[in-house]
1. Between 0 and 90 degrees, rounded to the nearest ten: what's the tilt of helix 217-231 against the longest Cα principal axis of the chain?
2. Provide, for q = 0.16 Å⁻¹, the log10 of I(q)/I(0) from a solvent-free Debye sum over equal Cα point scatterers in the chain.
3. If you wrap a convex hull around the Cα atoms of the stretch 10-139, how much volume per residue is inside, in Å³?
4. Could you sort 273, 93 by their accessible area in this structure, using a 1.4 Å probe and putting the largest first?
5. Where a Cα-Cα gap under 28 Å defines reach, which lysines qualify for residue 174, not counting those fewer than 8 residues away within the same chain?
6. For the chain, give me the percentage of DSSP beta bridges that are antiparallel, rounded to the nearest 5 percent.
7. Enumerate the whole-percent occupancy of each 10 Å bin, from 0 to the last occupied one, for all C-alpha pair distances of the stretch 259-311.
8. Quick one: helix 56-66 against the long Cα principal axis of the chain, what's the angle to the nearest 10°, folded into 0 to 90?
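The values are calculated or read from the model by the stated rules, or taken from the named source; none is laboratory data. Predicted model, so just to flag it, every value in this text is computed and none were measured. Glycine also receives a Cβ, built like all others from the backbone with ideal geometry; neighbour counts cover every protein chain displayed. When the accessible area is computed, the model is the full protein with side chains, heavy atoms only, and any ligands, DNA or RNA have been set aside. Shrake-Rupley method; radii C 1.70, N 1.55, O 1.52, S 1.80 Å.
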Amino acid sequence: MEFRHTSVLFSETIEQLRIKPDGVYVDGTLGGGGHSAGICRCLGENGTLIGIDRDQDALNAAQNRLAPYGCKKKFVQSNYEDIEDVLAELGICGIDGALLDLGVSSFQLDNPARGFSYMQDAPLDMRMNVSDSLTAYDVINDYGQRELTHLIKTYGEERWASRISEFIVKERKKRPIETTFQLVDIIKAAVPAAARRDGPHPAKRTFQAIRIEVNDELGQLERSLDRFIDALNSGGRFCVITFHSLEDRIVKETFQRRLNPCTCPKEFPVCVCGKVSDTVKVSGKPILPGKEELEENPRARSAKLRVIEKR
C-alpha cells in the first residue's frame, strides 16, 4: 500500500521554521516525509534533516521520497520523546529547528491491517509501532469499565462514554471483541439513534480515545516538549501541529510556562525567584488552516500550529 499523507499547514510550517541552508532540523513525526520534503528543499548540501518515526513503513517511504534532495539525511526509528538520545547518538549538540505533526497519517488510517479505521474491518491493533506490546484489543478486552469510561470520556470527549463502556464490558463477557467492526457495532448499539443521526460517525471519538491510549500520545507529548525546546540553538524555532484540544492545551501551557517561568506568588510586587525565560513569543494565537486548504483536505479542520523560538 502506498504511503499517502497530506501535510497540513505545510507552507505556514516551512515559513515559521525560517530554515537556514546549513542548519540542522528535526522532523519528529516524519510520516511520509511531506513536511520534510519542504525542509529539504530549503537546505543546502551542508544542511541536515533528522527524520524520526515509530513506524518503519513511514521511514521506508520517507527515505524514498527524500532521496532526490542533496542535503544530509538521518532516519531514526524511535519515539520523538527520545530526542535527547537520538541527538546524542548522532553526535549533534544543538538543532536549528524542529517540527511535530501530531496527526495520524492517511496510510495508517486507511490501511486495514493497522486497525485504526472504523470504516474498514480489521483486527483491533492501532499501534503506530507494531513492536509495541499494548494493542487496542488489550484495551477493549482487559480494561475495567470505569477505566474505559474515563479514557473514552477524556481522550475522546465522548458524551456517551459510560454507555459505550457498559456495552463493551457486557459484550466481551460473551466473547472477545477482536475486530474494528465488532467494536463499531457495539458503539452504535450504545449510542442512542437520535445522537447517531447528527455529527460525526458514532465510533469516531471512541476510536480516537483508544488510539491515544494505545500509543500514549498525550504522555509522550508532555514528556517531549521541553526536551525539544532545550535542544534548540539560539534563534531556533519549534513548530507543533495539534489536532485535538487536549494536545493543544498541553502545547499551549508548556509554551506559556517557558515564556513566563516565574514561580513567585501572584501577590508579589516583583519577581524574587530569578527565573528568566529562554524563549521568545512568536505569535499569541495558533495558526489555523486557510479556507482553500480546508476545502482540499477536510482532515485539516481541527489543526492548530503553535511556534516558539529559543533566545
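1. Result, in degrees: 0.
2. Results for the chain at q = 0.16 Å⁻¹ read -1.30.
3. About 110 Å³ per residue, rounded to a whole number.
4. Listed by decreasing accessible area, they come as 93, 273.
5. List returned: 153, 188, 204.
6. Rounded to the nearest five, the antiparallel share is 35 percent.
7. Taking every Cα pair in the stretch 259-311, the percentages come to 21, 27, 25, 16, 11, 0.
8. 40
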